[in-house]
Amino acid sequence: MSGGFRGGIHPHDKKNATNHKEFLNLPIPQRCFIPLQQHIGAPAKAIVKAGDHVEEGQLIGSSDGFISADVHSSIPGRVIEIIDHLTIYYRQPTVVIEAEGQFSASAMPRDPDDWGTLSGSEIISRIKSSGMVGLGGAAFPTSVKLSPPPEKKIDTLLVNGAECEPYLTVDDALMRKFSLEIIEGTRITMRALGVKKAVIGIEDNKQGAINAMRNEIRSANPPEDITVKSLKTRYPQGAEKQLIYSILGRIVPSRGLPMDIGVVVQNVGTVFAIREAVVFKKPLFERFITVGGDLIGKPGNYKVRIGSRISDIIEECGGLKGAPVKIVVGGPMCGLSVHSMDIPVVKGTSGILFLSDKIAKGGPYLPCIRCGKCVKACPMGLLPCELGNAAENERFDLSGELNPFDCIMCGSCSYVCPSHRPLSHFIKVSQQKITGRAV
Amino acid sequence: MLDLIFPSIWAVLSLTAFGAIFGLMLSFIKVKLNVEKNPKIAEVLDCLPGANCGACGMPGCSAYATRIVEEKFDINLCPVGGADSAKKIASIMGVDLGDGAAVSMKARVHCQGGRSLTKNRFEYNGPLSCSAASGVMGGFKVCEYGCLGFGDCVRACPFDAMYMDGDSLPVIRWEKCTGCGFCVKACPRNIISLEKQAIEVHVICRNREKAPTMKLGCPVGCIACKLCEKACREVFINEPTVDTAIEVRDFLARIDYDKCINCMKCVEVCPMPVIHPITKSKVYLKKNSEVPA
């Protein structure tokens, strides 16, 4: 059953360059650019102004609305200005902080209260005040995910360690190095949700991580039912709906959420950060990323402060071996390619890849030849070719009938298309045109 | 004998009989179930241009005509027919056409940064439509306000009144433009607007950045020098109610079409030139006179 979802593709995983690397700390940048929207939902509201002094981990943007997340300062220093700065979501109000003063939050003592004595809602409020979002890439506010409406009965927590994106190895490295912490984080999350069962799903190209997690569960012997499931290596194994089907055989209804079928999925990185938020009361101001691609001098897994710009990172990662043709924030399949080195690392940034023209082939796309490869590859059972043709001809009435909203934006169709058609982009255009959102 | 002449006499007779029966039925139904239709609808429909473009918001001309007659709908909604058809409809419906109603409008393009002039931030390989391109990091051009040149507006035009020129900029065929506004809606950058036909002047730029920032990406944008505003103030110097018709706000000259008198003073002084019709600007004339004939 593992890996039993339909469709999917087998891109070369390219993880060899970084999957044996230990975590290194990147230096703290002199200037941090912290966007107020780093998550899905409403942007946070700035509660500091230019000239204010902020501590490390101090709240600088408070969540505005139910689906929103707090934003904290990554460095101690002075707020220089609040500007519209380039981010991966185009332009966002961004707090610029110049470093000065003492670092305090990095070496926080363990909170004297044992988390075992906390109730579920207390845990969730600690998670909420840490500004936690899903660290796998989509950056959905975690506290919202952990507070399902009472009529939705959650029975299983899935911890997503599939990491099916090529190049990215940050979750792999986390599971090997911090297995105990991840299990503790899983137990905390289970307590917050009130579930008795958790499954950690890991693709079988990460045997080291599977063994590390299994050994740790055996030796720690937690009272809860936590198991590790080895999954077939296939993209998009780590997509929420595909992971649920592979592990539990349950199908998320069209345009529904995992909580509709009693499941909550959290990334291993999120689970690790949840532990830090609950045990140390540490806000989310740093994260682990993979810096990779064929043009970076020292590819590896790094711990980085949120708000560091790409240009700050390059130096410490060995510099560039040539002018990159494409800089991708996130994985190569789902990530966004960016045009500026000024774009800061945000909570949802799982990796930064510097790719040469050998790997990132550009060029115009060609007409659809109706080979059907995209239909075979689509893990959601859609017809990307038809959606693409409809959107290309601006017939959004036709594309609307082909369920564009079931698309998970995994990019498998664009990957297999022999005409190099930007099919997932076409589908995205359809979604935007149909909902009438500003494109 | 009869069989020889008409081998299918029964077929002929039965078909005739069927025809007669159905004909009678239809004429009976016509009389019995007749729907009284206001003759004005047909008259109003004759006044409308019959383009069925939908610019009035109704599915087509006949739907609009029906609503005018039956629901006393606003008669100024047809931009294609414009003042002419509104006048005719007003006389049919016996209503007063009010003041300033149905001024003929034309679409204007507010960008002259073609692909050969402007600089790009990155190479774009996605779907060839402006709305898709503007969704990727705010567009591939350095200028975040300029035309992306994939022709969404041209494809939206139901009257063949637009085309893309050699430099990927939309051009409006003035005589064909009906002012339906479809191009305005299609443009994700808000570069096209509808303005009164009588006034020729318009600013061919939408960039709201300061001149040095704007110049990084485009050599032909508005630099907000305010010469046009000064010239316009002089025109209206003896007018107590009007201060100026052209004003620089957010580093972009904007024309108030309610005040503009089409005097071309702003066009003449514009140093870029970035106010249409640029052929009347002093800079343009000087440049072109230097070129040997």
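Meeting the requirement of 3 or more residues that are in contact with a helix residue (DSSP H, G or I) (Cβ under 9 Å, 6 or more places away or on another chain), the strands (runs of 3 or more DSSP E) wholly within segment A:276-333 are A:286-292, A:300-305.
Apart from one condition, B:S62 fits all of (1) outside the structural domain of B:V95 (by TED's automatic domain parsing); (2) surrounded by 15 or more Cβ atoms within 10 Å (Cβ to Cβ); (3) of a type in the set (G, A, S); the exception is (1). Has segment B:38-45 got any residue that is among the small types (G, A, S), surrounded by 12 or more Cβ atoms within 10 Å (Cβ to Cβ) and more than 30 Å from B:K196 (Cβ to Cβ)? Among the residues of segment B:38-45, at least one is among the small types (G, A, S), surrounded by 12 or more Cβ atoms within 10 Å (Cβ to Cβ) and more than 30 Å from B:K196 (Cβ to Cβ), which makes the answer yes. Every condition in (1) more than 14 Å from chain B (Cβ to nearest Cβ); (2) in contact (Cβ under 8 Å) with a residue 40 or more places away in the chain holds for A:V329 except the one numbered (1). Criterion applied to A:L135, A:L158 was being hydrophobic (A, V, I, L, M, F, W, C), surrounded by 23 or more Cβ atoms within 10 Å (Cβ to Cβ), under 30 Å from A:A212 (Cα atoms) and modelled with pLDDT of 95 or more, and the one residue passing it is A:L158.
Could you please find all residues in segment B:151-175 being over 22 Å from B:G114 (Cβ atoms) and of a type in the set (D, E, K, R)?
If the condition is that a residue be over 22 Å from B:G114 (Cβ atoms) and of a type in the set (D, E, K, R), then B:E175 is the only one that fits.
Among the residues of segment A:73-105 satisfying the criterion of being among the hydroxyl-bearing types (S, T, Y), more than 14 Å from chain B (Cβ to nearest Cβ) and within 22 Å of the chain's Cα centre (by Cα), which is farthest from A:S130 (Cα to Cα)?
First pass over segment A:73-105, keeping only residues among the hydroxyl-bearing types (S, T, Y): A:73-74, A:87, A:89-90, A:94, A:104.
Filter once more, keeping what is more than 14 Å from chain B (Cβ to nearest Cβ): A:73-74, A:94, A:104.
Restricting the remaining residues to those that are within 22 Å of the chain's Cα centre (by Cα) gives A:73-74, A:94.
Numbers: A:S73: 11, A:S74: 12, A:T94: 19 Å.
Once the filter is applied, the top-ranked residue is A:T94.
Can you tell me which residue among A:N403, A:N393 is within 13 Å of chain B (Cβ to nearest Cβ), more than 24 Å from the chain's Cα centre (by Cα) and of a type outside the set (D, E)? First the steps, then the outcome.
Numbers: A:N403 fails: within 13 Å of chain B (Cβ to nearest Cβ).
Criteria check complete, one pass: A:N393.
Restricting attention to segment A:80-92, the residues that are surrounded by 18 or more Cβ atoms within 10 Å (Cβ to Cβ), farther than 19 Å from A:G335 by Cβ and without any contact (Cβ under 8 Å) to a residue 60 or more places away in the chain add up to 1. Number of residues in segment A:338-370 that are within 14 Å of chain B (Cβ to nearest Cβ) and under 23 Å from A:L387 (Cα atoms): the value is 7. Taking segment B:125-150 as the range and being assigned to a loop (DSSP other than H, G, I, E, B) and small (G, A, S) as the test, the residues that pass are B:G126, B:S129, B:G135, B:G138, B:G139, B:G146, B:G149.
With respect to the conditions (1) away from every other protein chain (no Cβ under 14 Å); (2) surrounded by 21 or more Cβ atoms within 10 Å (Cβ to Cβ); (3) farther than 20 Å from A:S412 by Cα; (4) not β-branched (V, I, T), A:P324 lacks only one, and its number is (1). Put simply, of B:C183, B:C218, B:C225, B:C153 the only residue that is under 25 Å from B:C130 (Cα atoms) and assigned to a loop (DSSP other than H, G, I, E, B) is B:C218. Among the residues of segment A:419-439, which ones are more than 17 Å from A:K373 (Cβ to Cβ), touching a residue at least 12 places away in the same chain (Cβ under 8 Å) and more than 9 Å from chain B (Cβ to nearest Cβ)? Matches in segment A:419-439: A:S430, A:Q431, A:I434. Taking (1) within 21 Å of the chain's Cα centre (by Cα); (2) at pLDDT 90 or above; (3) charged (D, E, K, R); (4) within 21 Å of A:M341 (Cα to Cα) in turn, A:D70 satisfies each apart from (4). Kindly indicate whether B:F122 is part of a loop (DSSP other than H, G, I, E, B) and within 11 Å of chain A (Cβ to nearest Cβ). So B:F122 passes the test.
Of all the listed residues (B:S168, B:S193), the sole one being crowded, with 16+ Cβ neighbours inside 10 Å and assigned to a loop (DSSP other than H, G, I, E, B) is B:S168.
Apart from one condition, B:A133 fits all of (1) buried (at least 20 other Cβ atoms within 10 Å of the Cβ); (2) of a type in the set (G, A, S); (3) at pLDDT below 90; the exception is (3).
Please find, among A:P236, A:P222, the residue that is on the phi < 0 side of the Ramachandran plot, surrounded by fewer than 21 Cβ atoms within 10 Å (Cβ to Cβ) and either touching a residue at least 12 places away in the same chain (Cβ under 8 Å) or not assigned by TED's automatic domain parsing to the domain that holds A:E151 (or both). Reasoning before the result, please.
Working: A:P236 fails: surrounded by fewer than 21 Cβ atoms within 10 Å (Cβ to Cβ).
Residue meeting the stated conditions: A:P222.
State the number of residues belonging to segment B:228-262 that are assigned to a loop (DSSP other than H, G, I, E, B) and closer than 24 Å to B:C111 by Cβ. Total meeting the criteria: 10.
The listed residues are B:A86, B:A55, B:A51, and the only one of them that is hydrophobic (A, V, I, L, M, F, W, C) and free of Cβ contacts under 8 Å to residues at least 60 places away in the same chain turns out to be B:A86. Inspect all residues belonging to segment A:408-419 and state whether any of them is modelled with pLDDT under 95, under 21 Å from B:R155 (Cβ atoms) and out of contact with any Asp or Glu (no Cβ under 9 Å at 6 or more places or on another chain). No, that holds for no residue.
Answer yes if at least one residue in segment A:411-418 is assigned to a helix (DSSP H, G or I), of a type outside the set (K, R) and within 12 Å of chain B (Cβ to nearest Cβ), and no otherwise. Scanning segment A:411-418 turns up at least one residue that is assigned to a helix (DSSP H, G or I), of a type outside the set (K, R) and within 12 Å of chain B (Cβ to nearest Cβ). For segment A:368-397, filtering for residues that are part of a loop (DSSP other than H, G, I, E, B) and closer than 22 Å to A:I9 by Cα leaves 11. Selection of segment B:134-166 for residues being more than 9 Å from every other protein chain (Cβ to nearest Cβ) and under 23 Å from A:S340 (Cβ atoms) yields B:G139, B:K141, B:V142, B:C143, B:Y145, B:G146, B:C147, B:L148, B:G149, B:F150. Each residue in segment A:116-148 was checked for being more than 16 Å from A:V278 (Cα to Cα) and either more than 24 Å from the chain's Cα centre (by Cα) or not assigned by TED's automatic domain parsing to the domain that holds A:G256 (or both), and 0 of them qualify. Checking the condition farther than 24 Å from B:G146 by Cα, surrounded by 16 or more Cβ atoms within 10 Å (Cβ to Cβ) and either in the same structural domain as B:C143 (by TED's automatic domain parsing) or of a type in the set (G, A, S) (or both), which residue from B:A253, B:A224, B:A231 passes? Going through B:A253, B:A224, B:A231 in turn, the sole match is B:A231.
The values are calculated or read from the model by the stated rules, or taken from the named source; none is laboratory data. In this text, all values refer to a predicted model and were calculated from it rather than measured experimentally. Neighbour counts are summed over all protein chains in view; Cβ atoms, including those assigned to glycine, are modelled from backbone coordinates with ideal geometry.
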